[in-house]
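Here the structure comes first, spelled out in structure tokens, and everything after it is commentary.
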Amino acid sequence: MIGSDLRGAVKGRVLERGDDGFDAARKPWNLAVEQPVAAVVQAEDAEDVAALVRYARRSGLTVTAQANGHDASGDVEGVILLRTNRLDGVQVHERERRAQVGAGVNWGQVLAKAGPANLTALPGSSPVVNVTGYMLGGGLSWFGRRYGWAADSVRAFDIVDADGDRTRVSDTSDPELFWGLRGGGGDFALVTSLEFDLHPASSVYGGRVIWPGARSAEVFDVFRTMTEQAPPELTIWFNRFQFPGAPPMAGLDLTYLGDPREGAALVRRIDTVDGVISDNRGVVAMADLGEITDEPTTPTPAMTRAELLTDPDEALATEPIDSLIAVQVRHLGGALAEPGHGPGGALAEPYLLQMIGLGADPELAHAARTRQAQIADRLGATASGRKPYTLLAPGETAADAFPEPALARLRELKRSRDPHGVFRANHSVLT
């Protein structure tokens, strides 16, 4: 037991093992990941976060922070899980093209406020992903080819340090910590809010086109051809779907930051593939961006694996994907291939493979892991071996994500800023 003094240290709700609601409160977004935490604290505000850190520091305990727990690793044995959902303020400063958001805010909330001001942030594919966790992981956005890592748009973090002190971190106030927080994870401080740049755009041209699975090779060929010539404003993702009880399908997801007529012309090669099942291409309001991929908005058990690719191997369009429900190849490149300002550095690999399987029971989970490993092994040198930090799966480590110089720098930052191990990221830089 943590002790009754924890409840006296914070205003928010505290749940410990044995309390009603504890098991539900500790679950991450991926229900296939177990989180054996000792307690869950629902912070009321930033001062509550500071009070929790001071409590953990003097008690020799460790804190990990989650809003909803995307990309949880399960490496949380005996720690205190801080839920930040109630830190939910969103301010959009239209004239300065900036947003200030609390640690519990998700991307859908930001886009809903920024869109009417003819502005956008740099979100990923899902509106329910937490902004802070995404930024701490670097953030691979729909618009990364145009603007680079999403974390490069951050201008300041409001944090609680390992002593429980609240401070604001920027490139001028603390450049080393600022560098680490823009993509190095949550090992160094607890973020209570952050400020980041917005960009002019109220909508995009985009959507999803679906074909029968038998057209997969043709769709993939179109995908390769278009991505070889794509300007940085155009992002295209290739998909294969094999949902239980449904026939295999192939698809393309896309967004274009610019005139819809230009976007339609850039992707007209799509219309050379016959047999379309559905096609919803058109103008998409930023607030509706999540509708393109229509990802689940409630927690599910899943087995995931990501690989960065030097080349989009055509076998990904035809090899068996039984035991998986989705295989996706994203086009990267553009500004993402440039150095950036955080630990992620340049992504030299122009494509990203993501594989998703069901994890509802041990048999399904084992089958999904096996198929993912078979696909990754067959890719050989096409898979670089590096993975984006924000997409690390349970069992993978920060060493899989960062170049050695950046990893060494992150480890030194961890040792200097949190020598007593008060904080634990989803994937610690020390493991």
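Given an 8 Å cut-off on Cα distances and at least 6 residues of separation, report the relative contact order of the stretch 203-391 as a percent. Before the final figure, lay out each step's value.
On the way: 362 pairs, mean separation 47.9, N = 189.
The value is 25 percent.
Can you tell which of Gln100, Gln374, Gln42 shows the greatest fluctuation in a Gaussian network model of the chain with Cα springs below 10 Å?
Answer for the Gaussian network model of the chain: Gln374.
Can you give the Rg/Rh ratio of the stretch 226-306, where Rg is from the C-alpha atoms and Rh is the Kirkwood radius?
Numbers: Rg = 14.5 Å, Rh = 14.9 Å.
Rounded to two decimals, Rg over Rh is 0.98.
Report the net charge of residues surrounding Ala337, where surrounding means a beta-carbon distance below 10 angstrom and charges are Lys +1, Arg +1, Asp -1, Glu -1.
Values: positive: Arg145; negative: Glu338, Glu349.
Neighbour charge sum, excluding Ala337 itself: -1.
To one decimal place, what Kirkwood hydrodynamic radius in Å is obtained for the chain from all pairs of distinct Cα atoms?
Radius from the Kirkwood sum: 22.1 Å.
At a 10 Å Cβ-Cβ cut-off, how would you order Thr272, Thr300, Thr390, Thr64, fewest neighbours first?
Details: Thr272 10, Thr300 15, Thr390 27, Thr64 23.
So the ranking, lowest neighbour count to highest, is Thr272, Thr300, Thr64, Thr390.
So which residue, out of Pro123, Pro248, Pro419, gets the largest mean-square fluctuation from a GNM of the chain using Cα contacts under 10 Å as springs?
Taking springs between Cα atoms under 10 Å, the residue moving most is Pro419.
Treating only the Cβ atoms of Lys and Arg (+1) and Asp and Glu (-1) as charged, compute the dipole magnitude of the stretch 260-316 about its Cα centre; round to the nearest 20 debye.
On the way: 5 positive and 12 negative charges, 36 e Å.
The dipole of the stretch 260-316 has a size of about 180 debye.
By a straight-distance test (C-alpha under 16 Å), which aspartates and glutamates pair with Lys113 as possible cross-link partners, with residues fewer than eight away in the same chain excluded?
List returned: Asp88, Glu94, Glu96, Glu195, Asp197, Asp288.
Can you find, among Leu332, Gly89, Ala51, the residue sitting farthest towards the positive end of the charge dipole of the chain, where Lys and Arg contribute +1 and Asp and Glu -1 at Cβ?
Result: Ala51.
About the Cα centre, and with charges only on the beta carbon of Lys, Arg (+1) and Asp, Glu (-1), how big is the dipole of the stretch 5-83? Nearest 20 debye, please. Can you show the working numbers first?
Numbers: 10 positive and 13 negative charges, 42 e Å.
Around 200 debye, computed over the stretch 5-83.
Where does the charge balance sit around Leu198 when Lys and Arg score +1, Asp and Glu -1, over other residues with C-beta under 12 Å from its C-beta? Present the calculation step by step, with values, prior to reporting the outcome.
Numbers: positive: Arg95, Arg97, Arg98, Lys113, Arg155; negative: Glu94, Glu96, Glu195, Asp197.
Spelling it out: positives minus negatives among the neighbours equals +1.
Efficiency by 1/(1 + (r/R0)^6): what FRET value for Arg13 and Arg268, r their Cβ-Cβ distance, R0 = 45 Å, to the nearest 0.05? List each step's numbers first, then the result.
Details: r = 54 Å, r/R0 = 1.21.
That pair, Arg13 with Arg268, gives E of 0.25.
Of Met286, Met226, Met303, which has the largest mean-square fluctuation in a 10 Å C-alpha GNM of the chain?
Maximum among the listed residues: Met226.
Using a Cα-Cα cut-off of under 24 Å, which lysines could be cross-linked to Lys414, ignoring same-chain neighbours fewer than 8 residues away?
Straight-distance partners of Lys414: Lys387.
If you take the charge dipole of the chain about its Cα centre, with +1 on Lys and Arg Cβ and -1 on Asp and Glu Cβ, which of His420, Val79, Val284 is farthest toward its positive end?
In the chain, that residue is His420.
Which of the aspartates and glutamates could a cross-linker bridge to Lys27, judged by Cα under 18 Å and excluding same-chain residues fewer than eight apart?
Straight-line reach from Lys27, under 18 Å: Glu16, Asp19, Asp71, Asp75, Glu77, Asp361.
Using DSSP H assignments, which helices in the chain have an axial alpha-carbon span of 18 Å or above and a mean Kyte-Doolittle hydropathy of -0.5 or higher? Show your work: numbers first, answer last.
Details: long enough: 46-59 (20 Å, -0.23); 216-229 (20 Å, -0.21); 362-379 (26 Å, -0.66); 404-417 (19 Å, -1.16).
Membrane-span-like by this rule: 46-59, 216-229.
Values quoted throughout were computed directly from the atomic coordinates according to the rules given, and no laboratory measurement underlies them. Worth saying up front: this structure is predicted, and the values here are computed from it rather than measured. Note that each Cβ is placed from the backbone with ideal geometry, even for glycine, and that neighbours are counted across all protein chains shown.
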